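Some notes on the structure that comes next.
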Amino acid sequence: MTLDLALFWIPAAVALVATGFVITRKNAAHALIYLVVSLLSVAVIFFVLGAPFAAALEVVIYAGAIVVLFLFVVMMLNLGNTSVMRESRWLRPGMWVGPAILVSILLITMVYVIVGLPDANVTKGEMVGPKAVGNELFRPYLLAVELAGFLLLAALIGAYHLGRRYLEQRREP
Amino acid sequence: MLDWFWLVPALPLAGFFALFVTEGKLPDRIVAAIGAGSIGLAALVALGAGMEFTQSGEASYSQTLWTWMAVGNFTPSITLYLDPLSLVMTGVITGVGFLIHLFATGYMWKDHQEPEGYSRFFAYMNLFVFAMLMLVLGDNLLVLFLGWEGVGLCSYLLIGFYHRDAENGYAARKAFVVTRVGDTLMAIGLFLLFRELATLDIQTALGDAAQLDPGMATAIGLLLLGGAVGKSAQVPLQTWLPDAMAGPTPVSALIHAATMVTAGVYLIARMKGIYDLAPVAQFAVAIVGLVTLLIASFTALTQTDIKRILAYSTMSQIGYMFMALGVGAWSAGIFHLMTHAFFKALLFLASGSVILALHHEQDIFKMGGLWRKLPVPFWSMAIGSGALVALPFITSGFFSKDAILLTAWDHENAGRWFWAGGVLAAFMTALYTTRMMVVAFFGETRTEPHDASRINMWGPLVVLAALSIGGGWMTFSVLDDLLGAISHIPHTHPAALVTVALPLAGILLGWLVFSGRLRVGALVESPFGDAVRRFWQSGWAFDWVYDRVFVRPFLWVARVNKRDVVDLLFRITAAVTRGFHHIGALTQTGRLRWYAANMAIGLIVVVLIVASV
Amino acid sequence: MAIEVPVEHVLLVAAALFLLGLLGVLVRRNIIFLLMSLEVMMNSAGLAFIAAGAKWGAPDGQIMFMLILALAAAEVAVALGLVLQISRRFDTLDVDAASELNG
């Protein structure tokens, strides 16, 4: 039991630490690497919890596609040493106080709520494979799949439109 | 020809559209041809149809064109209804209307005040003739009301024809607003009639009128009288007519003398069936006529503007018509309507010729000595004046006025008073007419005339002069059959003799006074005489009273309420809302992280609520 | 391979990740870091769903996670387009620069 829990808590700890680095790094590329680490750790947690398909998607889409997208933008904007210095200017220690208090309060209340849950809430420890997911996804959740498709199409068009270089000039006449 | 009767209103309408859509781009000669020609053709069709109708011996003829609308049981149709009454009106409108249009082609030619307005003028005039024809030919009170409002609109447009002068626009608005008072009363009367009888078809309504409660019949009669009073410029809604003279003279002749102002007479004559049931309302018609008759004839004596003299004269002559209808001389009233249309149109057109020859001088005291220099206008004026004062046996006005006064004498209810008032007014008519003629046409020349009239201007004068004399010989038995016989008092009766003699005395007195042979200067210039003169000249101070009683209080209320007392409630609401908006706007910093922080606080609250449950 | 884990533990980790992301959103001014923090927050929501699914041994949690994934992908695509526009117009990545909607 304790060993099993270690299987869960080790990746969880990695994820928390990596996330902490994500929000404190001054260099965007470094932060992105830590983000990848965090996402991969969460993928491990998924696997441990018996969701191998979700774990695979986490790796492929989050750690793969989305982070790569971030990386492209960071490279396009050419965030070099000047931006690191600017970040240090923006990230004065005093800035942390207010948000930290707020978040602490939230953490305390959440911990209080979660710990107060009824007993015997233990995961089943079964693997729920891609077949079961697919069966469910394309039957009762078909409508949600369609809606997600719409959303992605809209995002595609929106991103295409926003990404054009001379958007502002085209409005002039 | 009767089958083609629909052309009578259709031709003026077509003329209007032709002039309207071309927006004044047509050459003036073509405009004149369309404007006068459409009315002329309509007059010819009306003449042919009228002859065929009288020969057929039928009581009435209807021509249904189409159903206007169908709302449940209410299905008014566009139907032309021809009977002796509407035939007379149609004849006057198209016949006299054509002569006036013809005159106007010359009068408005190269008009120096409004050179661009030639086409516009004839468009409005044609539209007016169409609306007036719909008024008299509609067999349905709804169609009648359509025409009624249509002529009001055209009257407004034409009074304000010289729109560059703000005064004229004011006169047009005054005419529109004052007649609107009457129109509102009339509309209420029509609503009542429809509620009681569930029909607006005139013949059906008159047939069913016997079902009406007497009080209701009186109410309807009085309300319709209100409409007639407004349109026909009778007391107490008469104040617009003198100001309406701001329009071009042919307009005054056609709308404010011959046709539109007699629409009230037509309405009452048309609704005879209602007034037969409501003696009180009919008596009110007579009273209105008598009061107007007297007030207007005294006022006319003191006016100096030739068109205003004629305007007050028109009011008093329409007063005769109202009195005639009120005392039951239905056919005499309509007969007077017809003869009045002839001689008053003649008077207006002749005065128009004079005014044009004097370069738009309208003050009779600046005229003088014109009788040699402007023979055609002078003789036309003379003949028209003769008809107006009812010179015995040779003028049309005599026959119609005589018939009215003698019927009044016979009337069982205060008939002698009506007769006396009518005769007194006839005396005054003679006096002011003689004054106008003597001052304007005799004596020394004060303004040199410049006669530029051509055949299209003096031609109509000659025709109308002939009608003013000969019109009286026309039998009105067609009217007799429909509306009841006129008085048959022989002309040897004392009352008849007085009726004949008083106008002659008036002419004599007028001649003596205004040619300077009888000195009355001391009387006129005495303080009392001067006060009376000024009182009469102001039209018995009606404008002053209305200004004090209606206009000023209204303006006062408007000024007091300028900030809208009632709106205060809503303004407070708006101010409170705006205050909250400003408070709310403070939270809108546009800073994303500020919003995120607020969401976090909100989240804390939500989680605490969830946790505490 | 799957093991039995108390759901409370997983939810605690998810809450901690979520709050770390929130902290990032509140503290960082650079819009790119802000977006990364948002990704973390969404990911933590996905973790909570997976935990709930694992509790019942049902696939619904994973489906919800996939929908969150689609949402995150769409959000990132549009948001990065906006980042490019902001950097072009304001010549900075400071999110506070784009505060024209203030009341």
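The values are calculated or read from the model by the stated rules, or taken from the named source; none is laboratory data. Treat the numbers as computed from the prediction; the structure is a model and nothing was measured. Note: ideal-geometry Cβ built from the backbone for every residue, glycine included; neighbour counts use all protein chains shown. Quick note on the areas: whole protein, heavy atoms, side chains included, nothing else; ligands and nucleic acids left out. Shrake-Rupley method; radii C 1.70, N 1.55, O 1.52, S 1.80 Å.
Which one of these is more than 7 Å from every other protein chain (Cβ to nearest Cβ) and on the phi < 0 side of the Ramachandran plot: C:A70, C:A74, C:A79, C:A51?
C:A79
Scan segment A:119-141 residue by residue and report those that are in contact (Cβ under 8 Å) with a residue 60 or more places away in the chain, facing chain C (nearest Cβ under 7 Å), not charged (D, E, K, R) and not in a helix (DSSP H, G or I).
Across segment A:119-141, the qualifying residues are A:T123, A:G125, A:M127, A:V128.
Does B:T64 meet the test of being touching a residue at least 40 places away in the same chain (Cβ under 8 Å), over 30 Å from B:P250 (Cβ atoms) and in a strand (DSSP E or B)?
Spelling it out, it is not the case that B:T64 is touching a residue at least 40 places away in the same chain (Cβ under 8 Å), over 30 Å from B:P250 (Cβ atoms) and in a strand (DSSP E or B).
With B:V551, B:V566 as the choices, which residue is more than 24 Å from B:F365 (Cβ to Cβ) and open to solvent by less than 100 Å² (accessible area, probe 1.4 Å)?
B:V551
Read through the list (1) open to solvent by less than 10 Å² (accessible area, probe 1.4 Å); (2) more than 7 Å from every other protein chain (Cβ to nearest Cβ); (3) not aliphatic (A, V, I, L, M), then give the number of the only condition that C:F18 fails.
(1)
Residues in segment B:1-33 that are within 27 Å of B:T64 (Cα to Cα) and β-branched (V, I, T): how many?
1
How many residues does segment A:97-115 contain that are open to solvent by 60 Å² or more (accessible area, probe 1.4 Å) and either within 23 Å of C:N30 (Cα to Cα) or touching a helix residue (DSSP H, G or I) at 6+ places or on another chain (Cβ under 7 Å) (or both)?
Within segment A:97-115, residues that are open to solvent by 60 Å² or more (accessible area, probe 1.4 Å) and either within 23 Å of C:N30 (Cα to Cα) or touching a helix residue (DSSP H, G or I) at 6+ places or on another chain (Cβ under 7 Å) (or both) number 6.
Taking B:L2 as the residue in question, decide whether it is over 28 Å from the mean Cα position of the chain (by Cα) and open to solvent by less than 40 Å² (accessible area, probe 1.4 Å).
In short, yes.
Would you please name the residue that is farthest from A:G64 (Cα to Cα), looking only at residues in segment C:68-83 that are open to solvent by 20 Å² or more (accessible area, probe 1.4 Å) and out of contact with any Asp or Glu (no Cβ under 9 Å at 6 or more places or on another chain)?
Once the filter is applied, the top-ranked residue is C:L82.
What number of residues in segment B:85-139 are surrounded by 22 or more Cβ atoms within 10 Å (Cβ to Cβ) and not in a helix (DSSP H, G or I)?
Here the count works out to 3.
Is there a residue in segment B:164-183 that is acidic (D, E), over 20 Å from B:P279 (Cβ atoms), open to solvent by 10 Å² or more (accessible area, probe 1.4 Å) and in contact with a strand residue (DSSP E or B) (Cβ under 7 Å, 6 or more places away or on another chain)?
Looking for residues that are acidic (D, E), over 20 Å from B:P279 (Cβ atoms), open to solvent by 10 Å² or more (accessible area, probe 1.4 Å) and in contact with a strand residue (DSSP E or B) (Cβ under 7 Å, 6 or more places away or on another chain), one finds none in segment B:164-183, hence no.
Given the conditions (1) part of a helix (DSSP H, G or I); (2) in contact (Cβ under 8 Å) with a residue 40 or more places away in the chain, and given that B:A233 satisfies all but one, which numbered condition is not satisfied?
(1)
Any idea how many residues of segment B:464-487 are surrounded by fewer than 18 Cβ atoms within 10 Å (Cβ to Cβ) and modelled with pLDDT of 55 or more?
4
Report the residue count in segment B:363-411 for those that are buried (at least 19 other Cβ atoms within 10 Å of the Cβ) and outside any helix (DSSP H, G or I).
7
Given the condition at pLDDT 90 or above, within 14 Å of the chain's Cα centre (by Cα) and either part of a loop (DSSP other than H, G, I, E, B) or not hydroxyl-bearing (S, T, Y) (or both), answer yes or no: does some residue in segment B:159-166 qualify?
Checked against the condition, which is being at pLDDT 90 or above, within 14 Å of the chain's Cα centre (by Cα) and either part of a loop (DSSP other than H, G, I, E, B) or not hydroxyl-bearing (S, T, Y) (or both), segment B:159-166 yields at least one hit.
Any idea which residue in segment C:29-48 is nearest to C:V13 (Cα to Cα), counting only those that are facing chain A (nearest Cβ under 7 Å) and either without any contact (Cβ under 8 Å) to a residue 40 or more places away in the chain or in contact with a Cys (Cβ under 9 Å, 6 or more places away or on another chain) (or both)?
C:L47
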